[in-house]
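Structure first, then comments.
The values are calculated or read from the model by the stated rules, or taken from the named source; none is laboratory data. Quantities reported herein were computed from a predicted structural model and do not represent experimental measurements. Cβ sites come from the backbone with ideal geometry, for glycine too, and all protein chains shown count toward neighbours. Note: areas computed on protein heavy atoms with side chains; ligands, DNA, RNA excluded. Shrake-Rupley method; radii C 1.70, N 1.55, O 1.52, S 1.80 Å.
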Amino acid sequence: MEMVANIVAERPVVIFSRSNCCLSESVKSLFYEFGVNPAIYDLNESLRSREIEQALGRLGCNPVVPAVFIGGELVGGVNEVMSLHLKRNLKPRLRQAGALWV
């Protein structure tokens, strides 16, 4: 858990994903469309993927990917991100975290 906490503290937006997960790709595309440059941690490429997956699971991520953190806080997966977006709460949250300036 400490490793995940350290990773998400480094950048305003962090996404834990898998390169073969279409939902991860959709979430990343949404942030890129906003002009946000999230830190992407692909669990397919990580040597510590099992440890990270277990930590994300303990935080309540189910499924484990995509797991989106904004401003160091867990937002959740694709459903939670899209819900924030549809309620027009995603951009303000990104601005507050310093990930979006416009």
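Quick one: Ser49 ticks every box in (1) open to solvent by 60 Å² or more (accessible area, probe 1.4 Å); (2) more than 13 Å from the chain's Cα centre (by Cα); (3) not hydrophobic (A, V, I, L, M, F, W, C) bar one, so which box is it? Among (1) open to solvent by 60 Å² or more (accessible area, probe 1.4 Å); (2) more than 13 Å from the chain's Cα centre (by Cα); (3) not hydrophobic (A, V, I, L, M, F, W, C), Ser49 violates only (1). Within the range 12-38, can you find the residues that are closer than 22 Å to His85 by Cα, out of contact with any helix residue (DSSP H, G or I) (no Cβ under 9 Å at 6 or more places or on another chain) and open to solvent by 60 Å² or more (accessible area, probe 1.4 Å)? Passing the criteria: Cys22, Glu25, Tyr32, Glu33. Pairs linking a residue in the range 72-100 that is in contact (Cβ under 8 Å) with a residue 24 or more places away in the chain to a residue that is hydroxyl-bearing (Ser, Thr, Tyr) and crowded, with 16+ Cβ neighbours inside 10 Å, with Cβ atoms under 9 Å and 6 or more positions apart or on different chains, are Val78/Ser24. Scanning for something over 24 Å from Gln96 (Cα atoms) and touching a residue at least 40 places away in the same chain (Cβ under 8 Å), does the range 33-46 turn up at least one residue? No, because not a single residue in the range 33-46 is over 24 Å from Gln96 (Cα atoms) and touching a residue at least 40 places away in the same chain (Cβ under 8 Å). Tyr41 - would you say it is open to solvent by 60 Å² or more (accessible area, probe 1.4 Å), among the aromatic types (Phe, Trp, Tyr) and not in a helix (DSSP H, G or I)? Answer is yes for this residue. If you go through the range 50-97 and keep only what is under 17 Å from Glu2 (Cα atoms), in contact with a Phe, Trp or Tyr (Cβ under 9 Å, 6 or more places away or on another chain), assigned to a helix (DSSP H, G or I) and not acidic (Asp, Glu), you end up with Ile52, Leu56. Can you confirm whether Gly76 is among the small types (Gly, Ala, Ser) and surrounded by 14 or more Cβ atoms within 10 Å (Cβ to Cβ)? Spelling it out, Gly76 is indeed among the small types (Gly, Ala, Ser) and surrounded by 14 or more Cβ atoms within 10 Å (Cβ to Cβ).
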